[in-house]
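Input: a single structure, listed below in structure tokens.
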Amino acid sequence: MDTREFRRHAHEFVDWMADYLESVERYPVRAQVKPGGIAGQLPASPPERGEPMEQIFADFKSIVLPGITHWQHPSFFAYFPANSSPPSLLAEMLTATLGAQCMLWQTSPAATEMETRMLDWLRQMIGLPEGFTGVIQDSASSAILCAILTARERATAGRANEDGVSGRSTVYCSDQTHSATEKDAKIAGIGKNNVRKIPVDERFAMRADALDAALAEDTQAGATPICVVASLGTTGVGAMDPLGAIGEVCRRRGVWLHVDAAWAGSALILPEHRHLLDGIEHVDSFVFNPHKWLFTNFDCSAHYVRDPDALIRTFEILPAFLKTREKGHVIDYRDWSVQLGRRFRALKLWFVIRSYGVARLREMVAAHIDMARELEGWIRAAPDFELMAPRALSLVNLRYHPEGVDEPAALDALNERLLEAVNDTGRTYLTQNRVRGRYAIRVAIGQTYTERRHVEAAWRIIRDTARGL
């Protein structure tokens, strides 16, 4: 394909992209295909000769699109959002065109220096104090892994990296914390069985007294506690762990404290939610995902550390081909994470923040929280529905509880049927949860284009479908 042909197809694709954003509501939110339905339309062997782009694009529309769950649909309320925006898309087009591999300062100085500045912009926007230095990871899961590995090296004075893991180390989180902590403990050689799940209080937040007791018990048994992963906005119910109380325990016992604020961290751009950072002076590392709720498309995870040298010591390795004359005078972000290769992710942050401005970003996040608050009120007013957990920012857990159906297993089965029926309509998309062992329907509001009417329509679908079961 020469540049003339590329230009023609690129204009066609951009027109399609703009049409898609304008008309995404005409698609079912969740893909309505059966397993194997897409693979069955793809040839078992690659083509021997090239095919025209017109045919490839036509197949994209006829084969691929029916198998896409539309995360940018305004009625997407499942999981957490992975929201995007036009400025972010434009930046990604430029990033893909440049095709830069930004592992070293020398391999693209603009990428490195922009990442440093954008992470400091974000630090200011969410109210993190000075003293935190940022890097963009691909996900919060990777940031947790980095935290556990760095904590492991601090606890072993670097021996684990040199000689391998020996002895029993332990990691701590609440029983509400994202499963990434367990997965990362496996990868780090700590072991899933050495992740201690700490009990929570009535609002699902980690109990600092129970954490202190677990640390004491494990130390007495000969284990080495290395890391606590606290959460601001757990995946299930959006619980907020008390950083102050937990941080005091970690400080006293010499344990690394990492904060996973992957979703809820974006809400910190609103000053009224900055109280969630009380105790941040005790925190060693912190992560939140602009690709969840700050209108920057996946992937873009902002990871902050107090001691970047500890992070670098954990990951740095210097073969001859990576040596440059600038070493020691610039940041080489390939030393700040697991992967060597790095994308130019900071460009889309630059586009988004400049295009919207902080004030408009605040308004958009606040609007999502207001929509969830109104949904909470509708649920409270419905005699046959109930909240399963306190609303957390823009996250709501509910269930259908009609009169005469009180047996727990029957209620679980009824709500599972309800969720499946709602999602099968294709008009909205929700996910399930377990709250204190009971089945719940989980509504996460935060898609870029979601308006009150979409939330109201989703509630109407839930209510009408339930009463028609």
inquiry  = What are the pairs with Cβ atoms under 7 angstrom where one residue, in segment 329-340, is under 16 Å from residue 184 (Cα atoms) and in contact (Cβ under 8 Å) with a residue 12 or more places away in the chain and the other, located anywhere, is among the aliphatic types (A, V, I, L, M) and crowded, with 20+ Cβ neighbours inside 10 Å? Sequence gap at least six, or different chains.
reply    = 337/135; 338/145
inquiry  = Residues that are farther than 17 Å from residue 207 by Cα, crowded, with 21+ Cβ neighbours inside 10 Å and at pLDDT 95 or above: does segment 305-312 have at least one?
reply    = yes
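Inspect segment 63-76 for any residue being in contact (Cβ under 8 Å) with a residue 60 or more places away in the chain, in a loop (DSSP other than H, G, I, E, B), within 30 Å of residue 236 (Cβ to Cβ) and small (Gly, Ala, Ser) and give the result as yes or no. Let's see the steps before the verdict.
At the first step, the residues of segment 63-76 found to be in contact (Cβ under 8 Å) with a residue 60 or more places away in the chain are 69, 71-76.
Now narrow it down to the ones that are in a loop (DSSP other than H, G, I, E, B): 69, 71-75.
If we keep only those that are within 30 Å of residue 236 (Cβ to Cβ) as well, we get 69, 71-75.
Still in the list and also small (Gly, Ala, Ser): 75.
Yes, the conditions are met somewhere in segment 63-76.
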query = Taking the stated definitions as given, is residue 291 in contact with a helix residue (DSSP H, G or I) (Cβ under 8 Å, 6 or more places away or on another chain) and either modelled with pLDDT of 95 or more or buried (at least 24 other Cβ atoms within 10 Å of the Cβ) (or both)?
reply = no
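Go over the candidates 32, 41 one by one and state the one that is out of contact with any strand residue (DSSP E or B) (no Cβ under 9 Å at 6 or more places or on another chain), closer than 30 Å to residue 428 by Cβ, surrounded by 13 or more Cβ atoms within 10 Å (Cβ to Cβ) and without any contact (Cβ under 8 Å) to a residue 24 or more places away in the chain.
Numbers: 32 fails: without any contact (Cβ under 8 Å) to a residue 24 or more places away in the chain.
The conditions single out 41.
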inquiry  = Show me the strands (runs of 3 or more DSSP E) entirely contained within segment 181-275 in which 3 or more residues are not β-branched (Val, Ile, Thr).
reply    = 224-231, 256-260
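Which of the residues that make up segment 390-416 are aliphatic (A, V, I, L, M), part of a loop (DSSP other than H, G, I, E, B) and at pLDDT 95 or above?
From segment 390-416, those aliphatic (A, V, I, L, M) are 392-393, 395-396, 398, 405, 409-411, 413-414; that's our starting set.
Remaining after also requiring part of a loop (DSSP other than H, G, I, E, B): 393, 405.
Listed by number, the list holds a single entry, 393.
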key: Options 427, 442: the member that is within 30 Å of residue 87 (Cα to Cα), part of a strand (DSSP E or B), touching a Ser or Thr at 6+ places or on another chain (Cβ under 9 Å) and not aromatic (Phe, Trp, Tyr)   = 442
request  = Go through (1) among the charged types (D, E, K, R); (2) in contact (Cβ under 8 Å) with a residue 12 or more places away in the chain; (3) in a loop (DSSP other than H, G, I, E, B) one by one and return the number of the condition residue 130 breaks.
outcome  = (2)
task = Please work out which one of (1) modelled with pLDDT of 95 or more; (2) part of a loop (DSSP other than H, G, I, E, B) is the condition residue 103 fails and give its number.
result = (1)
Unmet criterion (only one of (1) without any contact (Cβ under 8 Å) to a residue 60 or more places away in the chain; (2) within 26 Å of the chain's Cα centre (by Cα); (3) more than 27 Å from residue 390 (Cα to Cα); (4) part of a helix (DSSP H, G or I)) for residue 142 = (1)
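Given the criterion under 24 Å from the mean Cα position of the chain (by Cα), β-branched (Val, Ile, Thr) and either farther than 28 Å from residue 437 by Cβ or surrounded by fewer than 24 Cβ atoms within 10 Å (Cβ to Cβ) (or both), identify the matching residue among 198, 269. Outline the logic, then answer.
Details: 198 fails: either farther than 28 Å from residue 437 by Cβ or surrounded by fewer than 24 Cβ atoms within 10 Å (Cβ to Cβ) (or both).
Residue meeting the stated conditions: 269.
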Unmet criterion (only one of (1) within 27 Å of residue 330 (Cβ to Cβ); (2) aliphatic (A, V, I, L, M); (3) not in a helix (DSSP H, G or I)) for residue 147 = (3)
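The values are calculated or read from the model by the stated rules, or taken from the named source; none is laboratory data. Quick caveat, the model's predicted, so the values are computed rather than measured. Every residue, glycine among them, receives a Cβ derived from its backbone with ideal geometry; neighbour counts consider all protein chains shown.
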